[in-house]
Ligand SMILES: NC(=O)c1ccc[n+]([C@@H]2O[C@H](COP(=O)([O-])OP(=O)(O)OC[C@H]3O[C@@H](n4cnc5c(N)ncnc54)[C@H](O)[C@@H]3O)[C@@H](O)[C@H]2O)c1
């Protein structure tokens, strides 16, 4: 049988933020395509549910705080020791941070925490996986950013800053490692139906949907399809790019 480039047979795929939402959808899809998924999240109870649901081994789920560099380094080192290689990293862990708050009024602790988890987490995860990927001369890194990183949402300075920082980070690192068989890309969704939006008011959702030509929010499974492609062998000649999944809201 010929190899299907979008399959993940014999590949170790680390997914952060995998206890729910987009990360969970990606975990299920890639698990279904034969990948050895290793799931990371702060929500340990939810992770345990996923472990049971997907019949995973104990070393396929790890509690982690991506906002803590030591937690990131130790977890990645443990996974590398256990599996010998990480073929792909899909980083979906993230928080929204303060919303509807004027920039000058944002509490600095909240600002810093949002940037720390979303942007520094991205950097620390990348730093942790790169050495072995370089040694193995293969790797796929995908970070989930946001339309907010491209266009900016009013009242959400920390989130905008972190997500646009991710886009810039990806561009430069991708060029550094491009000759080494490693790709580094981002994916920018608009509004996706996940627990992150569970408390978004109907009014705000209506406004957001009005800006989406497809006239609806996206589903986590639709984002997972994109993530699986970018993290697969099939996505071999694109790096440093921020893919779009916004129902036509962004066309760049
Ligand atoms: N849902 C949307 O509309 C939307 C739109 C654009 C971008 N995004 C981005 O997509 C990604 C996934 O979001 P989602 O919608 O699935 O949200 P979600 O809240 O359902 O899932 C995010 C996951 O990240 C985990 N997480 C948060 N902080 C963490 C930390 N410090 N360490 C480890 N894990 C942590 C959470 O526990 C959760 O399981 C996020 O980066 C988000 O910014 C989401």
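Number of residues in the range 170-199 that are surrounded by 17 or more Cβ atoms within 10 Å (Cβ to Cβ) and either over 14 Å from residue 22 (Cβ atoms) or free of Cβ contacts under 8 Å to residues at least 12 places away in the same chain (or both) equals 8.
Is it true that some residue in the range 124-133 is part of a helix (DSSP H, G or I) and within 11 Å of the ligand (Cβ to nearest atom)? Yes, the range 124-133 contains a residue that is part of a helix (DSSP H, G or I) and within 11 Å of the ligand (Cβ to nearest atom). Among strands (runs of 3 or more DSSP E) entirely within the range 1-95, having at least 2 residues that are over 26 Å from residue 191 (Cα atoms), more than 9 Å from the ligand (Cβ to nearest atom) and touching a helix residue (DSSP H, G or I) at 6+ places or on another chain (Cβ under 6 Å) singles out 61-63. Screening the candidates 76, 117 for the property of being closer than 25 Å to residue 224 by Cβ and within 15 Å of the chain's Cα centre (by Cα) yields one hit, 117. For the range 96-113, the candidate set comprises residues that are within 23 Å of residue 204 (Cα to Cα) and near the ligand (Cβ under 10 Å from one of its atoms); within that set, the residue that is farthest from the chain's Cα centre (by Cα) is 97. Taking each residue of the range 210-227 that is at positive phi and looking for partners that are more than 11 Å from the ligand (Cβ to nearest atom) with beta-carbon atoms closer than 7 Å, six or more apart or interchain, yields 215/209. A single member of 219, 225, 203 is surrounded by 14 or more Cβ atoms within 10 Å (Cβ to Cβ) and more than 14 Å from the chain's Cα centre (by Cα), and it is 219.
The set of residues in the range 36-55 that are free of Cβ contacts under 8 Å to residues at least 40 places away in the same chain and within 16 Å of residue 86 (Cβ to Cβ) comprises 37, 39.
None of the figures in this text is laboratory data; all of them are computed from the coordinates on show. This structure is a prediction, so every number in the text was calculated from the model and none was measured. Because the Cβ atoms are built from the backbone with ideal geometry, glycine has one as well, and the counts that use them run over all protein chains shown.
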